[in-house]
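Here the structure is laid out as structure tokens; the discussion comes afterwards.
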């Protein structure tokens, strides 16, 4: 039995897929904790898992919602570029990869 952290973006598609992976791992006896932006913590907890938010100071709920609104107006390569820039910003501002989470 291992402790496993799942880092996921907070969009519904990412959450639903990650919850399925988490459920399978939990069924195999592992302890699962999710790391996500704060707007997704409740959805993950409703799925029966612990959740910890990253980037709370750097990305308030309004900033997250505005990012999704902007992304919703884009398509194709513009949407991909926006998403990559947003993820790079999260990584840089939260030091998620440099220092780990939790």
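Per-structure values
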{"read-out": "Extreme residue, surrounded by the fewest Cβ atoms within 10 Å (Cβ to Cβ), among residues of the range 38-54 that are free of Cβ contacts under 8 Å to residues at least 24 places away in the same chain and part of a strand (DSSP E or B)", "value": "50"}
{"read-out": "Evaluation of residue 35 against (1) assigned to a strand (DSSP E or B); (2) within 20 Å of residue 92 (Cβ to Cβ); (3) touching a helix residue (DSSP H, G or I) at 6+ places or on another chain (Cβ under 6 Å) (one fails), failing number", "value": "(3)"}
{"read-out": "Which listed residue, of 13, 29, is loosely packed, with under 13 Cβ neighbours inside 10 Å and either touching a helix residue (DSSP H, G or I) at 6+ places or on another chain (Cβ under 8 Å) or part of a loop (DSSP other than H, G, I, E, B) (or both)", "value": "29"}
{"read-out": "The listed residue being surrounded by fewer than 13 Cβ atoms within 10 Å (Cβ to Cβ) and out of contact with any strand residue (DSSP E or B) (no Cβ under 7 Å at 6 or more places or on another chain), out of 24, 58", "value": "24"}
{"read-out": "Test: residue in the range 66-74 that is assigned to a helix (DSSP H, G or I), surrounded by 17 or more Cβ atoms within 10 Å (Cβ to Cβ) and in contact with a helix residue (DSSP H, G or I) (Cβ under 7 Å, 6 or more places away or on another chain)", "value": "yes"}
{"read-out": "Close pairs (6 angstrom Cβ cut-off, 6 or more residues apart or separate chains): farther than 22 Å from residue 63 by Cβ in the range 10-29, not in a helix (DSSP H, G or I) anywhere", "value": "19/47; 22/6; 22/32; 22/49; 25/4; 25/32; 26/32; 29/1"}
{"read-out": "Close pairs from the range 59-76: first over 19 Å from residue 14 (Cβ atoms), partner surrounded by 12 or more Cβ atoms within 10 Å (Cβ to Cβ) and at pLDDT below 85, Cβ under 7 Å, at least 6 apart", "value": "none"}
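The values are calculated or read from the model by the stated rules, or taken from the named source; none is laboratory data. Everything quoted here is computed from the prediction, not taken from an experiment. Neighbour counts are summed over all protein chains in view; Cβ atoms, including those assigned to glycine, are modelled from backbone coordinates with ideal geometry.
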